[in-house]
Amino acid sequence: MSHIVYADNAATTPVSDLVLNSMLPYHSNFYGNPSSLYKIGREAKKAVEQSREQVAGCLGALSNEIFFTSGGSEANNWAIRGIGYNLAKQGKKHIIASAFEHHSVLNILDVLKKDGFEITYLNVYKEGIIRPEDLKNAIRPDTALVTIMYANNEIGTIQPIQEIGNICKEYSIIFHTDAVQAVGNIPIDVKSLNIDLLSLSAHKLHGPKGIGALYIKKGTKILNLIEGGAQERGKRAGTENTAGIIGLSIALKDACDHIKERTKKLSLMRDRLIDGALKIEYSSLNGDRKNRLPGNVSMCFNGIEGESLLLKLDAMGICASSGSACTSGSLDPSHVLLAIGLPHEVAHGSLRLTLSDQNTEEDVSYILECLPLIVKELRDISPLWEKIINKKVKSF
Ligand SMILES: *Cc1c(COP(=O)(O)O)cnc(C)c1O
């Protein structure tokens with residue numbers, strides 16, 4: 001089968017033609033170092049600064065509040081390390097996060113924990129959404145930072161960012177959000193949402209891999225993560241990834257310019273996919289049905305292994321994921337599915353299908369044709385399934 005149905009856009013997206021073409025001249029003609037004084041350097045510098053303005057414009061930020069990074073992971077590490085260690089000097093060593101953050105947040109929090117920080121992880125409940133009153137209750141005099149993702153990468157649920165921002169402002173606590181999945185899918189205005197720091201990444205919105213940005217509100221004190229040259233106004237060293245920066249800004253602008261019609265198209269495909277997949281017996285949707293990203297479908301099918309499901313889908317030309325790309329390959333069920341309270345054996349049978357505007361209704365039809373057959377095939381050979389239908393094992 002030559003045609004591929006790509007339904008793993010939360011893991012990464014193909015670079016669009018628009019983005020690719022905008023990047024090419026910065027590999028070939030304007031390859032100069034943006035810090036150099038001659039023309040091809042100056043041209044590169046000009047393009048970098050125009051891109052910064054464009055990225056800022058899409059977020060309602062000022063251009064000098066945008067700092068380019070190597071991606072979402074670096075932006076998250078920088079925000080949490082840089083704010084955490086700075087405020088630790090004032091004795092503030094408490095951080096609040098949600099229980100199902102991306103590993104680039106969870107693992108840096110673990111590092112801080114070993115350094116004497118205390119971390120409170122907010123419950124996300126069955127719906128996959130934190131409750132603002134829990135956040136209020138968790139705040140202490142020594143709370144340095146609240147870091148809560150905008151939208152979850154596995155189950156697509158959207159957090160009450162406005163309320164979180166308002167609470168943090170009321171208590172004068174710095175608020176960082178990992179918005180890698182949200183940017184380009186949800187209109188964002190950092191000022192009205194009271195966001196102090198925001199991480200984004202290009203490759204989740206048809207931009208290139210290895211480039212992202214951290215929005216840092218003017219006046220926010222943060223330590224550097226990477227030391228070296230004076231790039232990014234002395235805050236993030238390293239020769240600018242000129243082509244990547246152009247690609248990021250073009251991808252982001254394209255996403256923001258078309259957000260309404262793409263949301264409409266994606267939600268329709270998503271809902272058809274969910275409704276169709278829910279017709280399979282002993283299946284369930286993970287996380288809140290309404291408050292979720294327009295392209296996210298996350299399901300569990302009782303009695304089967306997500307990994308086998310993925311292999312069978314792959315054999316039929318469908319690219320999907322069982323959890324986040326970062327954890328597949330390990331046999332532990334995803335921390336996200338456990339955080340919303342799914343039992344281990346149910347969480348093992350998970351499937352994530354994530355759509356982008358490049359998907360079509362035909363893709364959805366094809367997935368809905370293949371999925372029930374594959375699930376049945378796997379259940380027919382599953383000892384766990386036999387126990388479930390004989391009611392020896394409790395299902396959900
Ligand atoms: C992909 C992703 C990241 C990591 O971004 P990279 O650019 O791949 O480092 C961080 N957070 C979330 C929610 C993501 O989906």
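Just a few scattered comments:
- With 26 Å as the limit on Cα-Cα distance, the pairs of Lys279/Lys387; Lys235/Lys260; Lys46/Lys235; Lys253/Lys312 that go past it are Lys235/Lys260; Lys253/Lys312.
- Ranked by the mean number of other Cβ atoms within 10 Å per residue, highest first, peptides 204-213, 274-283 order as 204-213, 274-283.
- GNM flexibility winner over the chain from Ser199, Ser284, Ser350 (Cα, springs under 10 Å): Ser284
- For segment 337-396 and segment 7-77, distance of Cα centres in Å: 39 Å
- Think of each Lys and Arg Cβ as +1 and each Asp and Glu Cβ as -1; about the Cα centre, that makes the dipole of the chain roughly 980 debye.
- Prolate/oblate/rounded call for the chain, Cα gyration tensor, a/c under 1.5 rounded: oblate
- Helix 161-170 and the longest principal axis of the Cα set of the chain meet at an angle near 50°.
- Count Lys and Arg as plus one, Asp and Glu as minus one, and take only other residues whose Cβ is under 11 Å from that of Glu127; the net charge is then +4.
- DSSP-defined beta bridges in segment 17-257 - what % are antiparallel, rounded to 5: 40 percent
- Stretchable slack from Ala230 to Lys136, in nm (0.36 nm times residue separation minus alpha-carbon distance): 29.9 nm
- Note on Lys136: lysines with a C-alpha under 26 Å away, same-chain residues under 8 apart excluded, are Lys89, Lys92, Lys93, Lys113, Lys114, Lys126, Lys169, Lys191, Lys217, Lys218, Lys221, Lys290.
- In nm, spacing of pseudo-spin labels at Tyr38 and Lys218 (7 Å Cα→C-beta vector): 3.7 nm
- Packing rank of 173-185, 21-33, 356-368, where each peptide gets the mean count of other beta carbons within 10 Å, highest leading: 173-185, 356-368, 21-33
- Candidates Thr120, Thr69, Thr242: whichever shows maximal mean-square fluctuation once the chain is modelled as a Gaussian network with Cα springs under 10 Å: Thr120
None of the figures in this text is laboratory data; all of them are computed from the coordinates on show. Here the structure is a predicted model, which means the values were calculated and not measured. Please note: Cβ atoms are built from the backbone with ideal geometry, for glycine as well, and neighbour counts cover all protein chains shown.
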